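Trainee: Take a look at this one; I'll ask things after.
The values are calculated or read from the model by the stated rules, or taken from the named source; none is laboratory data. Here the structure is a predicted model, which is why all the values come from computation and not from measurement. Here Cβ is always computed from backbone atoms with ideal geometry, including for glycine, and neighbour counts include all displayed protein chains.
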Amino acid sequence: MNSQCVSFAEDFASARSGGVSVKVIFICAILVGLQSCGVTGVGTNGGAGNNSTPAFTNVDAPGAGVTVDLGTTPQQINQKSDIVGNFYDSNGIVHGFVRNSAGTFTVFDAPGATTKCCQGTFGNSINASGMVTGYFVDNNFSLHGYIRSQDGTFTIFDVGGSSGTSPTSINDGGTITGTTSDANQHLRGFVRASDGTSTIFDAPGVISTGQGVGTIPARISAAGIVVGNFEDNNNANRGFVRAVDGTITVIDAPGAIPPCYCSTQLTDINASGAIVGVTFAGGMKQSFLRNVDGTFTLFTIPGAGPGGNGGSGAVAIDDNGSILGNYQDSNAFATSWVPQEGSERCEPDSIGPANSQ
């Protein structure tokens, strides 16, 4: 069946398994010479789905650099359509930002953040009450976690006394997940409860040594389910889902089942259990939606650059099924796509479940 495009204001006629309807909305920032942007879904027969013609909304933070390797990177969208992320300014300094549903930006820097090139404050996640979590790099290049309340006050924390704490997600209950590094800079996952107590965990089969590798949580759902990725002992990058009771399931996207030169990265999960992420296979980068029944939809954004540095990256999904992401064009300029009222939405064909262990 071909992709079915319907108006943003209409309801989907079809429902996913379990009675949950998951829609996919892709909006791209307009680039010079780019007048339209559609969604390409991969069907069960391997063919491409139909393209839609959605509207466009720029998401460029004030002060963001406009040359190669600079620009704006959104990280998450909450139920109010507030977006959190970070950007590199013209001097290469990183700042966090919140863009509210009306399009107003608030730029912030964590206390103690360095002003040295290529580092600074990284905004990673925002919950329904407007609390933001992320990390900042200090003048000694140590990483520290922070919570920024809606009124702009900061709480700084380090998990297990580590100087390498990097929160990636906060849910509406104030529970945070992220990574913490050991003395050898090996990465481990953590869950930090709202009372400040933390649990450290490792994905099954994760590589046990190496700097900058290990278990890397990406998002935590309202129920406390964590998704992320890890590198295994065969140097394959794989996804995982950690249940509230600590049980971990390994996830591989279609075409990225080891052994292969490929990767699966889970980036977000919504309240219904729908997951988005990025897969690298056959030299191509694609976004994916993993539906609640375990089926996958692979897609990319027309106008995205070719090769491993091109393609599209889905970074967030809200409880309505709207997906936020970014891509680089053929000139390596980073830009973003976000939901916009009045645009079209598409439901690409899905393909069968991939590997789950």
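Trainee: Let me spell it out: the conditions are (1) in a loop (DSSP other than H, G, I, E, B); (2) in contact (Cβ under 8 Å) with a residue 12 or more places away in the chain; (3) on the phi < 0 side of the Ramachandran plot, and residue 245 meets all of them except one. Which number is the exception?
Mentor: Only one criterion is unmet by residue 245, namely (2).
Trainee: Tell me which residues, restricted to segment 159-173, are farther than 20 Å from residue 99 by Cβ and either hydrophobic (A, V, I, L, M, F, W, C) or surrounded by fewer than 16 Cβ atoms within 10 Å (Cβ to Cβ) (or both).
Mentor: 159, 160, 161, 163, 173
Trainee: All but one of (1) under 24 Å from residue 318 (Cβ atoms); (2) in a strand (DSSP E or B); (3) not β-branched (Val, Ile, Thr) hold for residue 190, so report the exception by its number.
Mentor: Of (1) under 24 Å from residue 318 (Cβ atoms); (2) in a strand (DSSP E or B); (3) not β-branched (Val, Ile, Thr), only one is false for residue 190: (1).
Trainee: I need a count of the residues in segment 139-162 that are free of Cβ contacts under 8 Å to residues at least 24 places away in the same chain and over 21 Å from residue 107 (Cα atoms).
Mentor: Going through segment 139-162 one residue at a time, the tally reaches 5.
Trainee: Restricting the search to segment 174-187, which residues are of a type outside the set (Asp, Glu) and surrounded by fewer than 23 Cβ atoms within 10 Å (Cβ to Cβ)? Full working, then the answer.
Mentor: Step one: list which residues in segment 174-187 are of a type outside the set (Asp, Glu), which gives 174-181, 183-187.
Listed by number, the residues that qualify are 174, 175, 181, 183, 184, 185, 186.
Trainee: Let me ask something additional. Output yes when any residue across segment 61-72 is under 16 Å from the mean Cα position of the chain (by Cα), in a strand (DSSP E or B) and at pLDDT below 95, and no when none is. Outline the logic, then answer.
Mentor: In the first step, residues of segment 61-72 are kept if they are under 16 Å from the mean Cα position of the chain (by Cα); the result is 72.
Checking the rest, the ones that are also in a strand (DSSP E or B) come to 72.
Subsequent filtering for residues that are at pLDDT below 95 retains 72.
Yes, some residue in segment 61-72 is under 16 Å from the mean Cα position of the chain (by Cα), in a strand (DSSP E or B) and at pLDDT below 95.
Trainee: May I pose another question? Restricting attention to segment 145-158, and to residues there that are among the charged types (D, E, K, R) and surrounded by fewer than 21 Cβ atoms within 10 Å (Cβ to Cβ), which single residue is nearest to residue 86 (Cα to Cα)?
Mentor: Applying the filter and picking the extreme gives 151.
Trainee: Moving on to the next point. Would segment 112-119 turn up any residue that is crowded, with 23+ Cβ neighbours inside 10 Å, assigned to a loop (DSSP other than H, G, I, E, B) and not basic (Lys, Arg)?
Mentor: Step one: of segment 112-119, the residues crowded, with 23+ Cβ neighbours inside 10 Å are 113.
This time we only want the ones that are assigned to a loop (DSSP other than H, G, I, E, B), so: 113.
Applying the additional criterion that residues be not basic (Lys, Arg) yields 113.
Yes, that holds for at least one residue.
Trainee: Would you say residue 136 is hydrophobic (A, V, I, L, M, F, W, C), part of a strand (DSSP E or B), touching a strand residue (DSSP E or B) at 6+ places or on another chain (Cβ under 8 Å) and under 17 Å from residue 107 (Cβ atoms)? Can you show your working first?
Mentor: Details: hydrophobic (A, V, I, L, M, F, W, C): yes; part of a strand (DSSP E or B): yes; touching a strand residue (DSSP E or B) at 6+ places or on another chain (Cβ under 8 Å): yes; under 17 Å from residue 107 (Cβ atoms): yes.
Against the criterion (hydrophobic (A, V, I, L, M, F, W, C), part of a strand (DSSP E or B), touching a strand residue (DSSP E or B) at 6+ places or on another chain (Cβ under 8 Å) and under 17 Å from residue 107 (Cβ atoms)), residue 136 qualifies.
Trainee: Among what's in segment 174-195 and is touching a Pro at 6+ places or on another chain (Cβ under 6 Å) and not hydroxyl-bearing (Ser, Thr, Tyr), pick the residue that is farthest from residue 214 (Cα to Cα). Write out each step before concluding.
Mentor: Looking only at segment 174-195, we keep the residues that are touching a Pro at 6+ places or on another chain (Cβ under 6 Å), and these are 176-178, 189.
Filter once more, so that each one left must be not hydroxyl-bearing (Ser, Thr, Tyr): 176, 178, 189.
Working: 176: 18, 178: 12, 189: 8 Å.
For segment 174-195, the residue satisfying everything is 176.
Trainee: Can you name the residue in segment 272-301 that is modelled with pLDDT under 90 and hydrophobic (A, V, I, L, M, F, W, C) and, of all such residues, is surrounded by the fewest Cβ atoms within 10 Å (Cβ to Cβ)?
Mentor: Within segment 272-301, the match that is surrounded by the fewest Cβ atoms within 10 Å (Cβ to Cβ) is 284.
Trainee: Which ones in segment 264-288 are among the polar types (S, T, N, Q) and within 23 Å of residue 179 (Cβ to Cβ)? First the steps, then the outcome.
Mentor: From segment 264-288, those among the polar types (S, T, N, Q) are 264-265, 267, 270, 272, 279, 286-287; that's our starting set.
Once the filter is applied, which keeps residues that are among the polar types (S, T, N, Q) and within 23 Å of residue 179 (Cβ to Cβ), segment 264-288 yields 264, 265, 267, 270, 279, 287.
Trainee: Working only within segment 145-166, note down all residues that are under 20 Å from residue 210 (Cα atoms) and within 19 Å of the chain's Cα centre (by Cα).
Mentor: 165, 166
Trainee: Does at least one position in segment 135-144 carry a residue that is under 16 Å from the mean Cα position of the chain (by Cα), crowded, with 20+ Cβ neighbours inside 10 Å and modelled with pLDDT of 90 or more?
Mentor: In the first step, residues of segment 135-144 are kept if they are under 16 Å from the mean Cα position of the chain (by Cα); the result is 135.
Applying the additional criterion that residues be crowded, with 20+ Cβ neighbours inside 10 Å yields 135.
Narrowing further to those that are modelled with pLDDT of 90 or more: 135.
Scanning segment 135-144, I find at least one residue that is under 16 Å from the mean Cα position of the chain (by Cα), crowded, with 20+ Cβ neighbours inside 10 Å and modelled with pLDDT of 90 or more, so the answer is yes.
Trainee: Turning to a different aspect of this structure: Which of the residues spanning segment 210-230 are in a strand (DSSP E or B) and in contact with a Leu (Cβ under 9 Å, 6 or more places away or on another chain)?
Mentor: First, pick out the residues of segment 210-230 that are in a strand (DSSP E or B): 214-220, 226-230.
Passing the criteria: 214, 215, 216, 218, 219, 227, 228, 229, 230.
Trainee: Might you check whether a residue that is modelled with pLDDT of 50 or more, buried (at least 23 other Cβ atoms within 10 Å of the Cβ) and under 22 Å from residue 285 (Cα atoms) occurs anywhere in segment 78-85?
Mentor: Yes, the conditions are met somewhere in segment 78-85.
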